[in-house]
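Down below is the structure, laid out as structure tokens.
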Amino acid sequence: MISRRLLFSVMLPALVAFSTTSASAATLKVVASFTVLADVVRQVGGDRVTVTSLVGPNGDPHEFEPSPSDAKNLNAAQVAFVSGEGLEGWMDRLITASGYKGKPVVVSEGIKFRTMDENGQTVTDPHVWNSPVNVKVWVANIEQALAKAAPADATAFKTNAETYLKKLDALDAYAHSKLETIAAAHRKVLTSHDAFGYFGREYGVQFLAPIGVSTESEASAADVAKLIEQIKAEHVKTYFFENSNDPRLVRQIARATGAEPGGELYVESLSDAKGPASTYEKMFRYNVDQLVAAMAKAS
């Protein structure tokens, strides 16, 4: 007969392995509103979180229409993250439809926002992630929320956040080093809508656009005519498409001004896994490289 001590010594490794597997399987279910935010949450959460992005790759977070599967994902989430400042105008409807009981974490709290006048109203620019300096604020808010939801993993979240903050500092330095090679007078480009304001503020680039902060708005004929005159007067030579937006209006303006195409920018959505902007880090570097190449050519 096998002694109890021997039986326990045989079973102990299996019990430890089982408990380790169970612990690692108990990941935090998280939902993020769009792909850029989802990636940053993954960087902070690491293997302790499972992140679902409501808006998919190349999707427009302004005009997104949630589906029943989105409601199901939100209902199952233990934590939900939004950027805020009006970007996700559909989120309240989705919360109601899904029965989600929590309150989404607004990761942009604490950022120094840009405001502008649109049709006589002062609006806040929600596109904060186009500066990695702002994303550092996201990281702090995400780490705090994840640690609150899963205190046992707080140390891991802190380590991941510190590692990612160094990468964001490197992105910021990269942008400065590249863009400062372009004379300030030539740092001007045309884009589809006003989504690069924080990038422009940080790196001294002027972005002109026919549409304001939301792609749901429409440019009037008078606004387009005024923009065409401004582009001609300021000698803006390059225009860019955006991966998640309709390019027809910007093409029309480019034809009227003689601006040349500079390529495609990833503004508020990552590419799919095979594309050039499958993570925030790749997206930001890609945009910097595209802008610098086009402005250098036009200067």
Report summary line: Taking the alpha-carbon centre of each part, the distance from the range 135-154 to the range 64-117 in Å is 17 Å
**Report entry** Taking N as its residue count, the alpha carbon Rg of the range 26-173 over 2.2 N^0.38 Å
**Finding:** 1.04
**Report entry** Partner aspartates and glutamates for residue 29 [C-alpha distance under 17 Å; skip if fewer than 8 residues away on the same chain]
**Finding:** 39, 47, 70, 143, 153
**Report entry** Least to most buried among 117, 60 (fewest other Cβ within 10 Å first)
**Finding:** 117, 60
Query - Order of 69, 83 - criterion: other Cβ atoms within 10 Å of each residue's Cβ, fewest first - result: 69, 83
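Every read-out reported here was derived from the displayed coordinates using simple, explicitly stated rules and does not represent laboratory data. Every value quoted in this text rests on a predicted model; they were computed, and no experiment measured them. Glycine also receives a Cβ, built like all others from the backbone with ideal geometry; neighbour counts cover every protein chain displayed.
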